[in-house]
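Okay, so here's the structure we're looking at.
The values are calculated or read from the model by the stated rules, or taken from the named source; none is laboratory data. The model shown is predicted, which means the values in this text are computed figures rather than measured ones. Reconstructed Cβ throughout: ideal geometry from the backbone, glycine too, with neighbour counts over all protein chains shown. For the accessible areas, the whole protein counts, side chains as well, though only heavy atoms, and no ligand, DNA or RNA atoms are used. Shrake-Rupley method; radii C 1.70, N 1.55, O 1.52, S 1.80 Å.
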Amino acid sequence: DITKFQLKKFKIKNDMRLALISEETENHLINFLTTQSSSLVSMFIDVCRPHVIEHIFNKMTNLTSIHVETLMTNYNAKDLNLRLNEKIVDLKIPYINRHEDIREILSITPNLETLFVAHLSHETMNYIAYNLKKLTTLKYRYDEIDCEILYDTLKDQNEEVNQNIEMIVDYEYS
């Protein structure tokens, strides 16, 4: 009730470990984010629990850019009750436990134009190529196989594949 400003961008960096973040702190953050939901378009958060992730993706309806530094630490994306969010066009999720979790997050953000993931697998590259039709930039640090060769092969074999993805290996991401 005392918060009268309307932020466009919000960045929260927490030096504490996830295990040290109390439920009360989590509730305060969600309450604050609720007061900013009509104006906030860009958000960075380094460590958060499942309820915060759910709130960011499901309730922050004006967000177009989300950067979550530590996303899936002790839980799976399928366990979250995430809903489709078509406004998100820029997503950075560098630390995520499983490739299935990456695809789960991508399935609710179909209008991505820019994506950064740390690890890119064969299955994830296939999913991206066939399902993220608006994606133009894909940054990643590591791939299990040469995903650029896979992507070029997919483009040559099927015109339904997004033909416009620039793939960037970014070893120095910060």
Within region 145-167, the count of residues that are over 12 Å from residue 121 (Cα atoms) and open to solvent by 10 Å² or more (accessible area, probe 1.4 Å) comes to 15
With criteria (1) modelled with pLDDT under 90; (2) part of a strand (DSSP E or B); (3) under 15 Å from the mean Cα position of the chain (by Cα), residue 53 comes up short on (2)
Within region 120-142, of all residues that are under 13 Å from residue 92 (Cα atoms) and among the charged types (D, E, K, R), the one surrounded by the fewest Cβ atoms within 10 Å (Cβ to Cβ) is 141
Those residues of region 88-118 which are in contact with a Lys or Arg (Cβ under 7 Å, 6 or more places away or on another chain), open to solvent by 10 Å² or more (accessible area, probe 1.4 Å) and modelled with pLDDT under 95 amount to 104, 108
Residue hits (region 48-61; in contact with a Leu (Cβ under 6 Å, 6 or more places away or on another chain) and open to solvent by 30 Å² or more (accessible area, probe 1.4 Å)) are 50, 54
Within region 34-50, restricting to residues that are outside any strand (DSSP E or B) and in contact with a strand residue (DSSP E or B) (Cβ under 8 Å, 6 or more places away or on another chain), the one that is farthest from residue 66 (Cα to Cα) is 36
Screening 107, 121 for residues that are touching a residue at least 12 places away in the same chain (Cβ under 8 Å) and within 24 Å of residue 60 (Cα to Cα) leaves only 107
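Here is a yes/no grid of residues against (1) under 24 Å from residue 51 (Cβ atoms); (2) over 12 Å from the mean Cα position of the chain (by Cα):
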{"residue": "66", "(1), (2)": "yes, no"}
{"residue": "100", "(1), (2)": "yes, yes"}
{"residue": "107", "(1), (2)": "yes, no"}
{"residue": "114", "(1), (2)": "no, no"}
{"residue": "119", "(1), (2)": "no, yes"}
{"residue": "129", "(1), (2)": "no, yes"}
{"residue": "135", "(1), (2)": "no, yes"}
{"residue": "139", "(1), (2)": "no, yes"}
{"residue": "172", "(1), (2)": "no, yes"}
